[in-house]
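Take a look at the structure below.
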Amino acid sequence: MGIKDFFKRKPTFETEEQDRGIVSFTDTEIIIQNTAFSREEEVIEVDSIEYVYLETCRYSTAGIMIYQGRQYYIPTEYVNTEKLCLFLAERFQFDMDLIYQHIKDRVDAVYKLYRKTYIQNFELLEQESKDAVKGFEVLSPIPVEYPWTVTKKELLTSPYITYENGYIAFIYPVRIGSIVVNQLGAYVDNSRDEVAISDYNANCYVEDGSDKSFYLLKDRLLQDVGDVAVTSFDINTNLYFYAKIDHISFNIFYANDDNDMRSIAYSFSSFSITTAFDYPELLIDEVYQTIGEVSSVFTFAYTLEMRSNYKNNPLIKQTPLCVLEATDKAAFVWKDKKNQLIGFGDRKYAQWFKVDDIESMTIWNTLPAKGGGFSSLSVQLFNGQSYTLLEGDHDTMSTQREELEVYLGVEVLFYEDYNC
């Protein structure tokens, strides 16, 4: 239906409400203005739109969902929404009757109006390969193989990557077994230089953006590693497959449209490789194990746990033996007057700081709501850095806040909120 047909039918869109929002558009841009909240204008580039959906809901009027870089939502009460839909229907050749048929529905549902077509960006090689468990091959003019144990520091010296805003992207296609993917990358800004990259990812498309990409990748992974891997395949709402071999996991995920959740699928399968190598040597502080002393200990009445992400935080160490010998409690704080340190730990992990470096401490008490409740203790240093230390159930650490403040001799701030 074209714009010329707009006045030939009885409008079935909601009454336009200028106080809620206004939509304007040209051949190249859609501008959304949410007048109810005086937010800044949102601009959608028409040529880059990847999908258009109608969303209906039990509790509110319908809306138009548009994806261009991210998802945009346009309620049907916004001024000019129907005219925009007519424009998009003509531009992307979808049937307006689907909108008119369901726009007044009061059920949770999503209806596809348009999805972009893509160029398939991965390849399945004819020749079988069994080396996926060892590593990957960058298909540069002179191909280069890397083991999965390659560290962040080593990879950053490679001429075959770009590095920007904490993200490594491979310039050339990468072969993983008999699968060749484009645009493999990894976020590494929080990783330590001396450990392996923990997560690689590539978004894999087929022409119609369907779940065909998922099944092609899954079947080939089974062919490459199925005989040596523990595998799992889940088709409950979304599609998920993983194959695990020792410290390596290959994961494929495809999200389907979900009426109950009113969620719309991306057009790709997420293909990721996760590594989980251990580096026990990084947990040992040989110097402090030798010179450390315990002058006094403050113990918590509840079971708490120290953060264990030592591959990201180099301050996390194995709890020193002298501390473990000084208390049998599950979580504690200790003072080391000889070395002018204050430490925090549980029976496995600990972090310690120079007394003069600590500006304040903070207890966050998060009460259960939509999500579960929990609490955490963090330290703020004069250099601007902040570190989460101990974590536990909600309403635990807060009961000993005043005692902890007296023991530490620094301010212990307290914040409370709901996990909405």
Checklist outcome for this item: The correct count of residues that are farther than 21 Å from Tyr146 by Cβ and not in a loop (DSSP other than H, G, I, E, B) in the range 194-212 is 1
Checklist entry - Could you list, in sequence order, the residues of the range 387-407 that are more than 18 Å from Tyr349 (Cβ to Cβ) and either hydrophobic (A, V, I, L, M, F, W, C) or within 23 Å of the chain's Cα centre (by Cα) (or both)? => result Leu404, Val406
Checklist outcome for this item: Scanning the range 306-332 for residues that are touching a Leu at 6+ places or on another chain (Cβ under 7 Å) and assigned to a strand (DSSP E or B), the one most open to solvent (accessible area, probe 1.4 Å) turns out to be Gln318
Checklist entry - If you check Asp108, Asp131, which single one turns out to be under 30 Å from Phe13 (Cβ atoms) and of a type in the set (Asp, Glu)? => result Asp108
Checklist entry - So Leu404 fits all but one of (1) in a helix (DSSP H, G or I); (2) touching a residue at least 60 places away in the same chain (Cβ under 8 Å); (3) open to solvent by 30 Å² or more (accessible area, probe 1.4 Å); what number is the exception? => result (3)
Checklist entry - Taking into account only those residues within the range 218-228 that are part of a loop (DSSP other than H, G, I, E, B) and free of Cβ contacts under 8 Å to residues at least 24 places away in the same chain, which is surrounded by the most Cβ atoms within 10 Å (Cβ to Cβ)? => result Gly226
Checklist entry - Looking at Tyr240, is it more than 30 Å from Lys329 (Cα to Cα) and of a type in the set (Phe, Trp, Tyr)? => result yes
Checklist entry - Is one or more of the residues making up the range 92-108 touching a residue at least 24 places away in the same chain (Cβ under 8 Å), more than 16 Å from Asp199 (Cα to Cα), within 31 Å of the chain's Cα centre (by Cα) and open to solvent by less than 50 Å² (accessible area, probe 1.4 Å)? => result yes
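Regarding the range 174-185, can at least one residue be identified that is within 30 Å of Asn256 (Cα to Cα), outside any loop (DSSP other than H, G, I, E, B) and either free of Cβ contacts under 8 Å to residues at least 40 places away in the same chain or among the aromatic types (Phe, Trp, Tyr) (or both)?
yes
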Checklist entry - Can Thr149 be described as assigned to a loop (DSSP other than H, G, I, E, B), out of contact with any strand residue (DSSP E or B) (no Cβ under 9 Å at 6 or more places or on another chain) and either at pLDDT 95 or above or open to solvent by 40 Å² or more (accessible area, probe 1.4 Å) (or both)? => result no
Checklist outcome for this item: Checked the range 116-143 for anything part of a strand (DSSP E or B) and either in contact with a Leu (Cβ under 7 Å, 6 or more places away or on another chain) or open to solvent by less than 40 Å² (accessible area, probe 1.4 Å) (or both); matches are Phe122, Leu124, Gly135, Phe136, Glu137, Val138
Next on the checklist: Every residue in the range 274-288 that is outside any loop (DSSP other than H, G, I, E, B) and open to solvent by less than 70 Å² (accessible area, probe 1.4 Å), please.
Outcome noted: Thr274, Thr275, Leu282, Leu283, Tyr288
Item to check | Count - residues of the range 153-167 that are in contact (Cβ under 8 Å) with a residue 24 or more places away in the chain and either buried (at least 21 other Cβ atoms within 10 Å of the Cβ) or in a loop (DSSP other than H, G, I, E, B) (or both) | outcome: 2
Checklist entry - Filter the range 363-397 for residues that are crowded, with 17+ Cβ neighbours inside 10 Å and of a type in the set (S, T, N, Q); which is farthest from Asp417 (Cα to Cα)? => result Gln380
Checklist entry - Does Ile171 count as surrounded by fewer than 17 Cβ atoms within 10 Å (Cβ to Cβ), among the aliphatic types (A, V, I, L, M) and touching a residue at least 60 places away in the same chain (Cβ under 8 Å)? => result no
Checklist entry - Restricting the range 333-362 to residues that are over 14 Å from Thr299 (Cβ atoms) and in a loop (DSSP other than H, G, I, E, B), which is least open to solvent (accessible area, probe 1.4 Å)? => result Asn339
Checklist entry - Is it fair to say Ile264 is out of contact with any strand residue (DSSP E or B) (no Cβ under 8 Å at 6 or more places or on another chain), more than 21 Å from Ile179 (Cα to Cα) and at pLDDT below 95? => result no
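The values are calculated or read from the model by the stated rules, or taken from the named source; none is laboratory data. Fair warning: this is a prediction, and the values are worked out from it, not measured in the lab. Here Cβ is always computed from backbone atoms with ideal geometry, including for glycine, and neighbour counts include all displayed protein chains. Each accessible area value is taken on the protein alone, full model and side chains, heavy atoms only, with ligands, DNA and RNA left out. Shrake-Rupley method; radii C 1.70, N 1.55, O 1.52, S 1.80 Å.
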